[in-house]
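Report on the following structure.
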Ligand code: AMP
Ligand code: MG
């Protein structure tokens, strides 16, 4: 018995319920971008290591500069210069200052750095014309990181800043989760790979664009795509192709999962010993969706329509893949957007409409549909910035209403304007 007609949230929860992170491997830090940390990283040092200057200027004792002004400057003797990478050689005594550069350790005895702009020097005397920096401009030892604390937690997808933090605490070889290997199988007698494009020009076939878009989507989500070709619409051929998915961590099929005469995917999964635990979701596009297990790993049967395939990958495949990849935050964040046009639904299903985002005058993000929303129109996806989430009710959502949208990969113009 499989669950049918679940909501998107229920379906996603079901799919993720049994999913867990795959194994671990150790990699070099420069290769870690986008990977998911498998073990907490603890710092063996405090950072900064020492009290240091946060600007170029003069290290001083606050007591020596308090009350200084343009009319009554404090006059101190400059005893040495401390560059970044150097340490002071002596304790700063009363009436003394040390020229100091940003990042250089504060000399013993000093408790602040006076900015260069408030000073003038002649020979070894510095005149300080303002006391606003008394006791200021020092970065305290350990204020960023303390020895023994976790600086990056297991389950974090590593970005540039994480890589920087790991480097600063000496983690040259982080332990990360292995990238999920994701089998991708297209199904359909009408499909050819790109090298069969002559068939397309001859008007007989279409390119299996899903094979390519899903491969790209898997890669973008941090998976390792394993394309296993295009299966024909017959049970024997389909089973033969599907066997090649054995050994992968996640199996994606697309097409043949609906109720058409040649939709064999569900039957063949069962024949190969797999299970179907969920079928059909109350959403558009993408309603005919299957999920279960095959060869001991999750199998996601995506619909064949090019937009449906990508939207359902985005909503279900990507979080599943990210969970296998070890991420503890596998979902993208949905953001509030204000509708820039009226939206009318023709069925009481949660809709995921392709939209373009732009800046509203009031600082809000405005969303406008990309145009026709047929699930066969892949260009509606390629021109979209985000998926607009429209709940099943009300059927008419007025201009100016606030909904949520899931941003897709891609760059948003700084001050985006809607296309004319
Ligand atoms: P299906 O889900 O198999 O009924 O397919 C639904 C629609 O999507 C049909 O118009 C198919 O031709 C199309 N389609 C199925 N698989 C692919 C694919 N791999 N690439 C492009 N279009 C596809
Ligand atoms: Mg088909």
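A short reminder: the numbers here are calculations on the coordinates, not readings from a lab. Source: prediction; values computed, not measured. Neighbour counts are summed over all protein chains in view; Cβ atoms, including those assigned to glycine, are modelled from backbone coordinates with ideal geometry.
Quick one: if you stick a label point 7 Å off each Cα along the C-beta vector at residue 331 and residue 66, how many nm between them?
5.5 nm
Counting alpha carbon pairs within less than 8 Å and at least 6 residues apart, what relative contact order, in whole percent, applies to the range 231-335? Write down the numbers at each step before the final one.
Numbers: 161 pairs, mean separation 24.0, N = 105.
Relative CO of the range 231-335 lands at 23 percent.
Picking from 376, 93, 223, which is most flexible by a Gaussian network model of the chain using Cα springs under 10 Å?
Of 376, 93, 223, the most mobile in the Gaussian network model is 93.
Pick from 180, 107, 330: which residue has the top mean-square fluctuation in a GNM of the chain where Cα pairs under 10 Å get a spring?
107
For helix 209-220, report the angle its Cα long axis makes with the longest principal axis of the Cα atoms of the chain; keep it between 0 and 90° and round to the nearest 10°.
So the inclination is approximately 30 degrees.
Nearest 10 degrees, 0 to 90: what angle lies between the long axis of helix 8-17 and the longest principal axis of the chain (Cα atoms)?
80 degrees
Put a dot 7 Å past each Cα toward the Cβ at residue 28 and residue 2; how far apart are the dots in nm?
A separation of 4.5 nm, rounded to one decimal place.
Quick check on the chain: of the DSSP beta bridges with both residues there, what percent are antiparallel, nearest 5%?
65 percent
Which of the peptides 209-220, 39-50 is most tightly packed, and how do the rest follow, going by the mean number of other Cβ atoms within 10 Å of each residue? The partial results should precede the final answer.
Values: 209-220: 19.6, 39-50: 15.8.
The most tightly packed comes first, giving 209-220, 39-50.
Please give the Cα centre distance for the range 3-36 versus the range 360-391, rounded to the nearest Å.
About 26 Å separates the Cα centre of the range 3-36 from the one of the range 360-391.
Which FRET efficiency value, to the nearest 0.05, is calculated for residue 190 and residue 275 with the Förster distance at 30 angstrom and r the Cβ-Cβ distance? Spell out each step's value before the answer.
Working: r = 28 Å, r/R0 = 0.95.
Taking R0 as 30 Å, the efficiency between residue 190 and residue 275 is 0.60.
Please identify, among 109, 142, 400, the residue showing maximal mean-square fluctuation in a Gaussian network model of the chain using a 10 angstrom Cα cutoff.
Highest fluctuation of the listed residues: 109.
Report the gain in length on full extension from residue 239 to residue 220: 0.36 nm times residue separation, minus Cα-Cα distance, nm rounded to one decimal.
Stretched out fully, the residue 239 to residue 220 stretch lengthens by 4.0 nm.
Using 7 Å Cα-to-Cβ label points, what is the residue 204/residue 140 separation (nm, one decimal)?
If labels sit at residue 204 and residue 140, their model points lie 7.8 nm apart.
Counting each DSSP H run of 4 or more residues in the chain as -39500 (n - 2.57), what helix-only mean residue ellipticity at 222 nm follows after dividing by all residues, to the nearest 500 deg cm²/dmol?
That calculation yields -4500 deg cm²/dmol at 222 nm.
Given a cut-off of under 8 Å on Cα pairs at least six residues apart, what relative contact order in percent is computed for the range 278-420?
Details: 264 pairs, mean separation 35.0, N = 143.
Relative contact order for the range 278-420 comes out at 24 percent.
Packing-wise, with mean Cβ within 10 Å as the measure, how do 230-240, 182-192 rank, highest first? Mind showing how you got there, number by number?
On the way: 230-240: 17.6, 182-192: 22.5.
Ranked by mean Cβ neighbours within 10 Å, highest first: 182-192, 230-240.
From Cα pairs below 8 angstrom and at least 6 apart in sequence, can you work out the relative contact order of the chain, rounded to a whole percent? Numbers along the way, then the final one.
Working: 985 pairs, mean separation 66.9, N = 420.
Relative CO of the chain lands at 16 percent.
Can you figure out the FRET efficiency of residue 124 with residue 45, using R₀ = 41 Å and their beta-carbon distance, to the nearest 0.05?
Numbers: r = 36 Å, r/R0 = 0.87.
Efficiency, from the Cβ-Cβ distance: 0.70.
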